[in-house]
Amino acid sequence: MGVSSEDVVLIEGGKKAGEPRVITVNCPDKTGLGCDLCRIILEFGLCITKGDVSTDGKWCYVVLWVIPHSSSIMVRWASLKNRLLSVCPSCSVSFYFEPAPRSTASPVYLLKLLCLDRKGLLHDVTQVLCELELTIQRVKVSTTPDGRVMDLFFITDGMELLHTKKRQDDTCERLHEVLGESCISSELQLAGQEYKIFQQGCSSLHPAVAEELFGSELSDSETRLQALAADLSKLKKANITLDNSLSPAHTLLQIHCLDQKGLLYDIMRTLKDCNIQIAYGRFSSNTKGYREVDLFIQQTDGKKIVDPEKQSVLSSRLRMEMLHPLRVIIANRGPDTELLVANPVELSGRGRPRVFYDVTLALKVLGICIFSAEIGRHSTSDRQWEVYRFLLDETVEFPLANSRARTQIVDRVRRTLMGW
């Protein structure tokens, strides 16, 4: 009664050039599977144009239509299939009687790069790592007075091959090939005690900065910044309704909102963290910049969501995650100017994919050099956040003391992150 791995995940090309590829997943169900699939698809730089999902509580069938976010993204489709397979529960009959085993955490490796500083250097390194399916867990970048940059990347390997000399050599060779004469030396090894020391040594946030970054409501300044990237009236049209009249066993969750990068991931992530199961769902195509999502859901006890307070909490959480999934501000850090980006971490401990890639891309496009950068974690009363911090170098085009220049930087970063 088992299903071969070849049939669990299928990826088929479009009939014509430029048409979406179709990903079909046919496997036993588990709470949060949709989130795990969407996260991997986002990590590979793909956009879900539409989707369908159905399950009887034991077996699920998922169909997703995907395209790259940009023409410059090269997708390794065979590797994507393997990654999707890795999060699908075992297709053996025993799945129904035994819980799926927890996957062990991937080992963390330390990549040390010594380079000559130049504009766009950090993004070029990040792009190579993304293309090689190496995920950045933490980073520490610092610039010396003589114009050299020491980059420390703590990374994990989506292909689980970084323990081999060939994979390590291929990574370093690719970095030297892309960076050229800018790269002085590179070293890749299994991270040791320094990873724990580094995690403990991340800079703490000033209370006022933390309050602005993690506030539950959009501040007036943030609302104006978002309005630069999308019409304010569109941002406010995040309609969420819960209806218990159409199904005897499920609550219908309907969402109508502005389209953005990772939208389906944000919805699935929120439902996963709230222990909500999906029986049937449809994610419609983009219509004039908006998305329609219809999901028949229930609690883990198999019951509908009828409690008005629970409905209100779920609706508020979803609305915040769709309107404000990423936080972007600029603040002063002593005499320096710091760009901060934050995103909520899943309860599983995973952060949002490709944030570092998008921020460094936006700064490269603006021609702004990064003096130093780091990734850390910050805990608030209700959740954990992944925080990206960049000390920026001032340029003639963007004098960092100028409020208009700061607004333009934040707007460009937000546009890139949201896919606007």
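Below, the figures for the structure above:
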quantity: Qualifying residue in region 127-139 (condition: of a type outside the set (G, A, S), outside the structural domain of I73 (by TED's automatic domain parsing), out of contact with any Leu (no Cβ under 6 Å at 6 or more places or on another chain) and assigned to a loop (DSSP other than H, G, I, E, B)); calculated: yes
quantity: Strands (runs of 3 or more DSSP E) contained entirely in region 251-344, each with at least 2 residues that are within 20 Å of V53 (Cα to Cα); calculated: 251-258, 276-283, 290-299
quantity: Sole residue being farther than 18 Å from L205 by Cβ and in contact (Cβ under 8 Å) with a residue 12 or more places away in the chain, chosen from R377, R389, R383, R415; calculated: R415
quantity: Hits in region 73-91 - residues which are part of a helix (DSSP H, G or I) and out of contact with any Phe, Trp or Tyr (no Cβ under 6 Å at 6 or more places or on another chain); calculated: W77, A78, S79, K81, N82, R83, L84, L85, S86, V87
quantity: Lone unmet requirement of (1) in a helix (DSSP H, G or I); (2) surrounded by 15 or more Cβ atoms within 10 Å (Cβ to Cβ) for T156; calculated: (1)
quantity: Test result for D151, within 16 Å of L114 (Cβ to Cβ), acidic (D, E) and either in a loop (DSSP other than H, G, I, E, B) or under 21 Å from the mean Cα position of the chain (by Cα) (or both); calculated: no
quantity: V410 being in contact (Cβ under 8 Å) with a residue 40 or more places away in the chain and either polar (S, T, N, Q) or in contact with a helix residue (DSSP H, G or I) (Cβ under 8 Å, 6 or more places away or on another chain) (or both); calculated: yes
quantity: Sole exception among (1) of a type in the set (G, A, S); (2) more than 25 Å from T360 (Cβ to Cβ); (3) surrounded by 19 or more Cβ atoms within 10 Å (Cβ to Cβ) for G262, by number; calculated: (2)
quantity: Test: residue in region 304-316 that is in contact with a helix residue (DSSP H, G or I) (Cβ under 8 Å, 6 or more places away or on another chain), among the β-branched types (V, I, T), crowded, with 19+ Cβ neighbours inside 10 Å and over 26 Å from T126 (Cα atoms); calculated: yes
quantity: Matching entry among T241, T251, T287 (being hydroxyl-bearing (S, T, Y) and either within 19 Å of E386 (Cβ to Cβ) or buried (at least 16 other Cβ atoms within 10 Å of the Cβ) (or both)); calculated: T251
quantity: All positions within region 345-374 that are assigned to a loop (DSSP other than H, G, I, E, B) and on the phi < 0 side of the Ramachandran plot; calculated: V345, E346, L347, S348, R350, G351, R352, P353, I368, C369
quantity: Region 118-138, residues that are modelled with pLDDT of 90 or more and either of a type in the set (S, T, Y) or more than 16 Å from the chain's Cα centre (by Cα) (or both); calculated: G120, L121, L122, H123, D124, V125, T126, V128, L132, T135
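Yes/no matrix, rows are residues, columns are (1) among the aromatic types (F, W, Y); (2) assigned to a strand (DSSP E or B); (3) surrounded by 17 or more Cβ atoms within 10 Å (Cβ to Cβ):
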| residue | (1), (2), (3) |
| --- | --- |
| C27 | no, yes, yes |
| D36 | no, no, yes |
| Y61 | yes, yes, no |
| W65 | yes, yes, yes |
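The values are calculated or read from the model by the stated rules, or taken from the named source; none is laboratory data. Keep in mind that what you see is a predicted model, and the values were worked out from it rather than measured. Neighbour counts run over all protein chains shown; Cβ positions are idealised from the backbone, glycine included.
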